[in-house]
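See structure below.
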Amino acid sequence: MKLLRVNALEGAAWVRRGFQVFLRHPLPFSAVFGVFLFVVFALTLVPLVGALVLLALLPLGSLGFMIATREALQGRMPAPRVFIEPLRGPRERRLALLRLGLVYAASSIGIIWLSDAADGGALERLMQTLSDSNAAADDLRQALADPRLELGVLLRFGLATLLAIPYWHAPALVHWAGQGMAQSLFSSWVACWRNKGAFSVFALVWGAIVLGFALLANVVAALLGLPQLLAFVAVPVTLLLTTVFYVSIWFSFAGCFGPDDAPPPQEAP
């Protein structure tokens, strides 16, 4: 599997192809995402352990969507079984995926702990204030005025981005290329760095899509005099865009490594 360098505008093509493939199979991809959401919701109901398991399974979740997209391109119907397909591969690859998940969970917990320590819980207090329907306006202003809030937000997003880079391709490199945990993380980092222009465009296009929808929805709601329309439309559109985003991840991987003809791993005996 050869590392490729692509033009920056290829990042926009990844998004476009994600929409094209999703529109060919909207219901199957929605079913795959629905199962993903159900597992996420179920794990959030389990105190402490559920959150840890969820974090550890996130790399496997992104790999599942890559497999679903690849199957759609090969003329097969995407199905929720894509999430367990990697667990049927060779033992070495299953163990590497397990290590990836455990390290991801530990790193995510470290980011949360470090960010909470840096802002003194300012972001958590702000979220609690926003979710409290009885909170006074002074409480919200006080929460927003905390000087440590900006540091906490920047630290969370910055560290989360640094963690996402080595994990962007790592699960796929384990599954299709048979790389070990350390090698897959390093290869993913190198691929993202060499194609940073394309990934920057990819992120900007997705940001523009989300912002454009938000502005359009607000304008339409204002013109119709129906502010409640925002809440009615926001949920399904957010779910749709999130599904397409996960579908488009495959194209960023194929663009960086060109594995369209990669054979599937052999199943474990």
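Computed from backbone phi with θ = phi - 60° and the Karplus coefficients 6.51, -1.76 and 1.60, the 3J(HN,Hα) list for the range 192-199 is 5, 5, 5, 10, 4, x, 5, 5 Hz; x is used for glycine and proline.
Rounded to 0.05, the FRET efficiency of the PHE213 and LEU37 pair, given R0 = 22 Å and the Cβ-Cβ distance, is 0.65. To the nearest ten degrees, helix 149-177 and the longest principal axis of the Cα atoms of the chain are 20 degrees apart. For HIS25, no residue 5 or more places off, or on another chain, has a built amide H under 5 Å of its own. Going by alpha carbons, how many degrees (0 to 90, nearest 10) lie between the helix axis of 10-24 and the longest principal axis of the chain? Roughly 90 degrees between the two axes. Note that the chain shows a convex hull volume over its alpha carbon atoms of 155 Å³ per residue.
Per-residue extension of 0.36 nm, minus the Cα-Cα distance of LEU223 and SER30, leaves a gain of 66.4 nm for this segment.
Extension gain, ARG88-ALA145: 0.36 nm per intervening residue step, less the Cα-Cα distance, totals 15.4 nm.
Coupling constants for the range 215-226 follow from the phi torsions by the Karplus curve (6.51 cos²θ - 1.76 cosθ + 1.60, θ = phi - 60°), and in residue order they are 5, 5, 5, 5, 5, 5, 4, 5, 5, 7, x, 10 Hz; glycine and proline get x. Structure remark: mean-square fluctuation, Gaussian network model of the chain, C-alpha springs under 10 Å; the largest value among PHE232, PHE213, PHE202 belongs to PHE232. Taking the C-alpha atoms only, the angle from helix 49-73 to the longest principal axis of the chain is near 60 degrees. The order of VAL205, VAL21 by accessible area, most exposed first and with a 1.4 Å probe, is VAL205, VAL21. Using the rule -39500 (n - 2.57) for each DSSP H run of four or more residues, divided by the residues of the chain, the 222 nm mean residue ellipticity is -27000 deg cm²/dmol. Assuming R0 = 25 Å, what is the FRET efficiency of ALA51 and SER200, from their Cβ-Cβ distance, to the nearest 0.05? That gives a FRET efficiency of 0.20. Model label sites at ARG99 and ALA182, defined 7 Å from Cα along the beta-carbon direction, differ in position by 0.8 nm. Measuring gaps between exposed loop sites in the chain (trypsin sites (Lys or Arg not before Pro); DSSP loop; at most 14 other Cβ atoms within 10 Å), the longest gap, sites not included, is 149-269. Using a Förster distance of 51 angstrom, determine the FRET efficiency expected from the C-beta separation of LEU9 and ALA137, and round it to 0.05. Computed FRET efficiency for LEU9 and ALA137 comes out at 0.65. Subtracting the Cα-Cα distance of GLN128 and PHE232 from 0.36 nm times their residue separation leaves 35.1 nm of extension gain.
The values are calculated or read from the model by the stated rules, or taken from the named source; none is laboratory data. Everything numeric in this text was worked out from a predicted model, so none of it was measured. Cβ sites come from the backbone with ideal geometry, for glycine too, and all protein chains shown count toward neighbours. Remember, those area values only see protein heavy atoms, side chains included, never the ligands or the DNA or RNA. Shrake-Rupley method; radii C 1.70, N 1.55, O 1.52, S 1.80 Å.
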